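The structure appears right after this line, and notes come after that.
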């Protein structure tokens, strides 16, 4: 299966979810290109972006596991770029 580059946007509305979220991200560490988190204290949330290079089913599985966590919301955006560098 071909790899895709994708961005998972994550919003965490309760910091108690961070430990489980980080454990899941650690499982997929080989696929993660980079990660940036921004705490938004005025709203009591954290906004995190995770960039991946992996097969679509792996990206979807990670997004699903994160989105299943209480107080965590995700949205995934896939690039149209494939493995072939045409």
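Values in this text are rule-based calculations from the coordinates and carry no lab data. Note that the structure is predicted; figures quoted are calculated from it, not measured. Positions of Cβ are backbone-derived with ideal geometry, glycine not excepted, and every protein chain shown enters the neighbour counts.
The set of residues in the stretch 55-73 being in a strand (DSSP E or B) and touching a helix residue (DSSP H, G or I) at 6+ places or on another chain (Cβ under 8 Å) consists of 72, 73. Please count how many residues of the stretch 56-74 are surrounded by fewer than 15 Cβ atoms within 10 Å (Cβ to Cβ) and touching a strand residue (DSSP E or B) at 6+ places or on another chain (Cβ under 6 Å). Selection size over the stretch 56-74: 3.
Taking the stated definitions as given, is residue 52 in contact (Cβ under 8 Å) with a residue 12 or more places away in the chain, surrounded by 15 or more Cβ atoms within 10 Å (Cβ to Cβ) and assigned to a loop (DSSP other than H, G, I, E, B)?
Numbers: in contact (Cβ under 8 Å) with a residue 12 or more places away in the chain: yes; surrounded by 15 or more Cβ atoms within 10 Å (Cβ to Cβ): yes; assigned to a loop (DSSP other than H, G, I, E, B): no.
Criteria not met by residue 52.
Residue count for the stretch 32-51 under the criterion of being farther than 18 Å from residue 62 by Cα and under 11 Å from the mean Cα position of the chain (by Cα): the result is 0. Summed over the stretch 14-47, the residues that are surrounded by 14 or more Cβ atoms within 10 Å (Cβ to Cβ) and either in contact (Cβ under 8 Å) with a residue 40 or more places away in the chain or in a helix (DSSP H, G or I) (or both) give a count of 7. Considering the stretch 1-13, the residues that are surrounded by fewer than 17 Cβ atoms within 10 Å (Cβ to Cβ) and over 12 Å from the mean Cα position of the chain (by Cα) include one that is nearest to residue 41 (Cα to Cα), namely 13.
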